[in-house]
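Single-structure report; data block below.
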Amino acid sequence: MIARDLGNGTRLLVLPSAKWKTVSVRVHLQADLDAGRTCRSLLAAVLLRGTRRFPDMTALQRRLDSLYGAALGAGTHKIADVQLTVFTLNGADPRFLADTPDLPVQAAALLAEVVRDPARAGRLLVPAYVATEKENLRRLLRSQKDSKAEYAALRLAEIMFVGEPYGRNELGAAEDLDGIDAERLSAHYEDWIRTAPLDVLVAGQVDVEAVAAACAAFARGRAGGPPRAALPPRPESGAVRTVCEEDDVRQARLAMGFRHGAVIGGAGHAAAEVTNGMLGGFPHSKLFRRVREKESMAYSVGSAYDAGTGVLTVSAGIAPGACERTAAMVREAVDELARGAFDASDVRASQAGIIRRARGAGDLPASRLVQRYVWSLFGASYAEEEWVRSISSVTGADVAAAAGRLRLDTVYCLRGKERG
């Protein structure tokens, strides 16, 4: 990956390759998961409504169509304690176009307009756009509560990371929306776009110098700082917190959080990923075979390892009244792994699944680019073959040791209301 400092807290990261048939341009703006996160989540949508030259979605879409149907998007994510606001523009590789050899340059220039030169009404972001996107965000936040699996995951994070930034919803808080108008959002935009660390990521067969010249527009007039470190210290687990809540649901939701500590690129990361695969990451895992297939305790069950926080989570959709028994079975499965109660074939199956996933990500330019970028936030360098070797070298003893490091922190259960 080629890195260029464009100045003023702005970087260009290019992953040149002739392997792909598309070109991906991404802009990542970093911020803390603080009180301004709702404004930034809203800005991700408002800025897609138009630019000064293309002041509405119709005009902007015409411009995208002229770039052979390039696709524009935006979203908000969190990695450890960093909120990322991401703008993307994906288009065709100019090698397959007879008349547009500078398409990557045009794509980068258009994305710079979207981010740096939005449509305005006077000095403000267009009030009608702000009002519409406020309601869209309000509906999105409401839909998170309507999806009980997503809601249980959000509540687990809030409880487990209470007092820590990671416990906050990166999309924001519904109660913040009433206090946001075009004037407040415009002021937040001006400060954010001037000071936030900004990275431009480009993947594909491109002329690096030409793209760098086009991306200079991102840096003009900024005073941004260096990229944020995504690795805050995490507290040790204390007494297990158990929270049960009731709602109008037919299927209960169980979410459990275990602290482990191994993060991206660090010691124990590969072993933690293989351990997660054996616990609940694949159909051959202990939880799937036992909790779902043998005991028929769950409609769905699985685990995930977040290498940004060093935390393993378990999620299950279960029958009403089955929270305690299912939680006990999860703990038993972790204990079995820690005791080495598994076959070598289970280790190999999980390794193969993780390697397939890594190889698959390499087939998509955006996935490979983001993978390298995320690792860089932790001071690590991602290389597919090195990662494959790390996964392949994990032994049964490594899995047992990794499982032994898992410390149950929080159990959250959402179950149906008792009817009198």
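All of the numbers you see were taken from the coordinates with simple rules; none came from a lab. Note that the coordinates shown come from a computational prediction; the quantities given were computed from them, not determined experimentally. Positions of Cβ are backbone-derived with ideal geometry, glycine not excepted, and every protein chain shown enters the neighbour counts.
On full extension of the chain, what length is gained from A328 through D178, given 0.36 nm per residue of separation minus the C-alpha to C-alpha distance?
49.7 nm
For T410, list long-range residues whose amide hydrogen, built 1.01 Å from N in the peptide plane, is under 5 Å from its own amide hydrogen.
Correct list: R241, G257.
With label points built 7 Å along Cα→Cβ from the Cα atoms of A121 and T395, find their separation and express it in nm.
Taking the two extended label points, one gets 6.8 nm.
What range in the chain is the longest one free of GluC sites (Glu not before Pro) that are in a loop by DSSP and have at most 15 other Cβ atoms within 10 angstrom? Walk me through the numbers before you get to the answer.
Details: sites that count: E236, E295, E418.
Here the longest run is 1-235.
What is the distance, in nm, between label points placed 7 Å from the Cα along the Cα-to-Cβ direction at R250 and at D65?
4.4
Treating only the Cβ of Lys, Arg, Asp and Glu as charged (+1, +1, -1, -1), what charge dipole size does the chain show about its Cα centre? Round to the nearest 20 debye.
360
Mind telling me which of A397, A272, A74 comes out most flexible in a GNM of the chain, alpha-carbon contacts under 10 Å?
A397
Just to be sure I understand the curve: with the Debye formula and one point per C-alpha of the range 90-226, what is log10 I(q)/I(0) at q = 0.09, 0.18 Å⁻¹?
-0.44, -1.10
Gain in length, D363 to N8, computed as 0.36 nm per residue apart minus the alpha-carbon separation, to one decimal in nm?
Answer, rounded to one decimal: 124.5 nm.
Ignoring the sites themselves, what is the longest stretch of the chain with no trypsin sites (Lys or Arg not before Pro) in a DSSP loop and at most 14 other beta-carbon atoms within 10 Å? Write out the running numbers ahead of the final one.
Details: sites that count: K19, K21, R52, R53, R123, R220, R250, K417, R419.
That gives 251-416 as the longest site-free run.
Just subtract the alpha-carbon distance of R241 and M1 from 0.36 nm times their residue separation and send over the number in nm, one decimal.
Stretched out fully, the R241 to M1 stretch lengthens by 82.1 nm.
Distance from the Cα centre of the range 125-141 to that of the range 350-406, in angstrom?
Each part reduced to its Cα centre gives a spacing of 38 Å.
Please give the charge dipole size of the range 2-219, origin at the Cα centre, charges +1 on K and R Cβ atoms and -1 on D and E Cβ atoms. Round to the nearest 20 debye.
That gives a dipole near 360 debye.
What is the set of long-range amide H partners of K78 at a cut-off below 5 Å, with H atoms built 1.01 Å from backbone N?
Here L84 satisfy the definition.
Below 10 angstrom from the Cβ of R37, what's the summed charge of the other residues (Lys, Arg +1; Asp, Glu -1)?
Once positives and negatives cancel, what remains is -1.
Choose one of V23, T309, G238: the residue whose Cα lies farthest towards the positive end of the charge dipole of the chain (beta-carbon charges +1 Lys, Arg; -1 Asp, Glu; about the Cα centre).
So the residue furthest toward the plus end is V23.
Kirkwood-based Rg over Rh for the range 241-416 (C-alpha set), two decimals?
0.99
Quick one: how many lysine pairs does the chain have with C-alpha atoms less than 25 Å apart and a gap of 8 or more or different chains? Give me the count, please.
Qualifying lysine pairs in the chain: 10.
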